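Step one of this worksheet: look at the structure below.
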Amino acid sequence: MSLYCGTACRRKFFWCYRLLSTYVTKTRYLFELKEDDDACKKAQQTGAFYLFHNLAPLLQKSEHQYLAPQYSLLELERLLGNFGQDSQILEDSVLIGCSEQQEAWFALDLGLNSSCSINASLQKAEMETALQGSFIKLTKALFELNVKDASLLSTAQALLRWHDAHQFCSRSGQPTKKNVSGSKRVCPSNNIIYYPQLQVNLRELEAAAWFSRDEVATVLRRNNPSNQQHSGAVPFWLPPKLAIAHQLIKEWVEKPTCSPLPA
């Protein structure tokens, strides 16, 4: 029995160490791409792109869920050429993550900054036909996306929206320029650097705080939330069960965790 337990513990330790090592490797790789424009351009050559149109992701229906297709740089260049679009639009893409094999993932919006709304609408329909998918509002599709795609597309949409809203410097009024990865924008006239907002916006949120897994699990298990809330036994509310946020929190609590590695 003790031998079995020892073997199980070693296996668990091995997988925890492997997961931690993978996470650290991915984090370092993404940091490199965010800080090194040349490295990010090189990553685009072998990376994958998610497509958006006016902040709506391109999705394909598969049975009872939506799938978010990926496209290589070569496929994207061919697509843009077929629709008469300048490949320079690729400079508007943003880095949103990477795989364990260090394949970089980018997002590109084909509809933002379009000079002609009529032509944009026509091209949108033609692109949907050619790509066998539809540009669907993310809020309508979240419940039918897997967790990975839901997280990636949410990150991509937020970053694309931020860049669209910060194209001009708030001090000089001059156009700002993003770096290749999209991790920041710079005003060439005064060198002010703008970053996506990483802190709490008190105009949008009443409060923000950290909670342990045990605290969240306790809230998930409560039977009568109204009574417990008034009695002060529960420190916070969770989103409704039908909300994607509730499902993501529930999965995080129920997912097997790794024990801390020894120092």
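Every number in this text was worked out from the coordinates using simple rules, so none of it is lab data. This one's a predicted model, so the numbers in the text were calculated from it and none came from an experiment. With ideal geometry, Cβ positions are generated from the backbone for all residues, glycine too; neighbour counts draw on all protein chains shown.
Quick notes on this structure:
- Pairs exceeding 31 Å between alpha-carbon atoms, taken from 42/177; 148/178; 26/184; 41/255; 26/137; 26/124: 41/255; 26/124.
- Stretchable slack from residue 170 to residue 60, in nm (0.36 nm times residue separation minus alpha-carbon distance): 35.7 nm
- Near residue 67, once Lys and Arg are set to +1 and Asp and Glu to -1 for all other residues with Cβ below 14 Å from its Cβ, the sum equals -1.
- Point-to-point label distance, residue 220-residue 85, nm (Cα→Cβ direction, 7 Å offset): 4.0
- Subtracting the Cα-Cα distance of residue 125 and residue 250 from 0.36 nm times their residue separation leaves 41.3 nm of extension gain.
- Look at where the Cα atoms of segment 77-96 and of segment 35-59 average out, and the two centres are 10 Å apart.
- With the simple spin-label model, which puts each label point 7 Å out from Cα in the Cβ direction, the residue 67 to residue 27 separation comes to 3.3 nm.
- Qualifying trypsin sites (Lys or Arg not before Pro) in segment 149-183, where qualification requires a DSSP coil assignment and no more than 10 other C-beta atoms within 10 Å, comprise 171.
- Local electrostatic count, residue 37, Cβ distance below 13 Å [Lys/Arg +1, Asp/Glu -1]: +1
- Subtracting the Cα-Cα distance of residue 161 and residue 46 from 0.36 nm times their residue separation leaves 38.9 nm of extension gain.
- The residue list 74, 147, 134 was ranked by how far each Cα lies along the charge dipole of segment 34-147 toward its positive end, using unit charges on Cβ atoms, and 134 comes out on top.
- Charge sum, other residues only, whose C-beta stays under 15 Å from residue 220's C-beta, Lys/Arg counted +1 and Asp/Glu -1: +2
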